[in-house]
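Working notes, beginning with the structure itself.
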Amino acid sequence: MARAAGGGAALAEEAKRLAAWAAVDTHVRNNQILGIGSGSTVVHAVQRLAARSKKEDLRIICIPTSFQARQLILQNGLTLSDLEQHPELDVAIDGADEVDSDLNLIKGGGGCLTQEKIIAGYAKHLVVIADYRKKSNSLGEQWKKGIPIEVIPMAYVPVAQALSKKFGGVAELRMAISKAGPVVTDNGNFLLDWKFDKVHKWNEVNMAIKMIPGVVETGLFIGMAERVYFGMEDGSVSTREKPVQ
C-alpha cells in the first residue's frame with residue numbers, strides 16, 4: 001500500500017510539473033510583469049521561469065502572492081517587486097484547489113487567498129496550473145475541505161454563524177498543525193473553511209459572503225481565470241478555456 005501511495009504522489013507531482021511548464025512556456029515572454037502564485041504547483045513554474053530566464057536572458061519582474069512566493073522568487077534568482085512599483089501585471093500564474101467546468105476556482109487551501117486574488121485582479125490574464133485531481137464539473141466534487149474564507153480574528157464566530165444561517169453547511173475555524181491555535185494568514189487574519197451542503201449560484205454567493213461584516217475575502221475566484229492547464233495521469237496536458245459568454 002505504501003508503494004502505491006508513493007507512486008500516486010510521484011504521478012501527481014509530475015502532473016504539476018507538466019502543467020506548470022506548459023503555462024510558463026505558452027504565456028511568458030520578455031519584458032513582462034508576472035504575478036507569482038502560491039502552493040506546490042507554482043514551485044515548478046518558478047523553476048521553469050528561472051531556467052528560461054537564464055537561457056533566454058529574459059527580463060521579467062515577479063510580484064509575489066505570499067511570503068512563500070516571495071522566497072521562491074528570491075531563491076531562484078528572479079527579480080522581485082511589488083504592486084506599489086508595478087500596479088499592473090501582464091500575467092498571473094497560480095494554482096487552484098479545484099476548478100469547475102466554468103473555470104470557477106476554489107483557492108486558499110494553503111491560506112494565501114486574499115493576496116492571490118489581489119494579484120489576479122490586477123493582472124491582464126490569470127492562468128491556472130493544476131494536476132488532474134483538481135479537475136471537476138462542479139465545485140465540491142473533488143475538494144471536500146470547504147471554501148476558505150479569510151476573516152478578521154474578532155469576527156470569526158459571528159461570521160461562521162452568518163454563513164451557516166444564510167447559506168447552510170458549516171464553517172469551521174482552521175487550526176494549525178505545527179503550532180497551537182488557529183492558522184494565521186500572511187495578513188494576520190484567521191481562516192474559516194465553509195463546508196457547503198448544496199450547489200449554489202457561486203457569483204451571487206461570493207458577493208453576498210463578502211458583504212458579511214468581518215469577512216476580508218473568499219476563496220471563490222469567479223470569472224477570473226482565462227485558461228487552466230491540467231497535468232494528466234498519462235503525461236499529457238489538457239486545457240480548459242474560459243467559456244464564451
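The figures follow:
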read-out	value
Over the chain: Kirkwood hydrodynamic radius from C-alpha pairwise inverse distances, Å	18.4 Å
The chain: most fluctuating residue of Trp21, Trp143, Trp202 per GNM, C-alpha cutoff 10 Å	Trp202
Rounded if a/c under 1.5, otherwise prolate or oblate - the stretch 67-166, Cα gyration tensor axes	oblate
Which of Ser164, Val184, Ala96, positive extreme of dipole for the stretch 71-189 (C-beta unit charges)	Ser164
Antiparallel bridge percentage (DSSP; both residues within the chain; nearest 5)	50 percent
Charge dipole (debye, nearest 20) of the chain; +1 at Cβ of Lys and Arg, -1 at Cβ of Asp and Glu	260 debye
Within the stretch 81-120, GluC sites (Glu not before Pro) in DSSP loop having at most 14 other beta-carbon neighbours inside 10 Å	Glu84, Glu88
Options Ile106, Leu74, Leu126, ranked by Cα towards positive dipole end of the stretch 46-143, top entry (Cβ charges)	Leu74
Two-decimal Rg/Rh across the stretch 6-105, once Rg and the Kirkwood Rh are taken from alpha-carbon atoms	0.97
For the chain: relative contact order, % (alpha-carbon pairs under 8 angstrom, 6 or more apart)	23 percent
Unit charges on C-beta of K, R, D, E only; dipole of the stretch 107-245, Debye	220 debye
Estimated translational D of the stretch 135-245 in µm²/s (Stokes, Kirkwood radius over Cα pairs; 10 °C; 1.306 mPa s)	102 µm²/s
Computed helical MRE - 222 nm, the chain, DSSP H runs ≥ 4 contributing -39500 (n - 2.57), nearest 500	-10500 deg cm²/dmol
Pair Lys201, Ala180: separation of 7 Å Cα→Cβ label points (nm)	4.7 nm
Rounded accessible area per residue of the stretch 163-240, 1.4 Å, Å²	53 Å²
Whole-Hz ³J(HN,Hα) from phi, Karplus 6.51 cos²θ - 1.76 cosθ + 1.60, for the stretch 95-106, glycine and proline x	x, 7, 7, 7, 9, 8, 5, 9, 6, 6, 10, 9
Selected from Gln161, Gln47, Gln85 as most flexible by GNM, with the chain as the system and alpha-carbon contacts under 10 Å	Gln85
GNM flexibility winner over the chain from Asp97, Asp234, Asp82 (Cα, springs under 10 Å)	Asp234
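The values are calculated or read from the model by the stated rules, or taken from the named source; none is laboratory data. Just so you know, these numbers come straight off a predicted model, no measurement behind them. Glycine gets a Cβ as well: all are built from the backbone with ideal geometry, and neighbour counts include every protein chain shown. When the accessible area is computed, the model is the full protein with side chains, heavy atoms only, and any ligands, DNA or RNA have been set aside. Shrake-Rupley method; radii C 1.70, N 1.55, O 1.52, S 1.80 Å.
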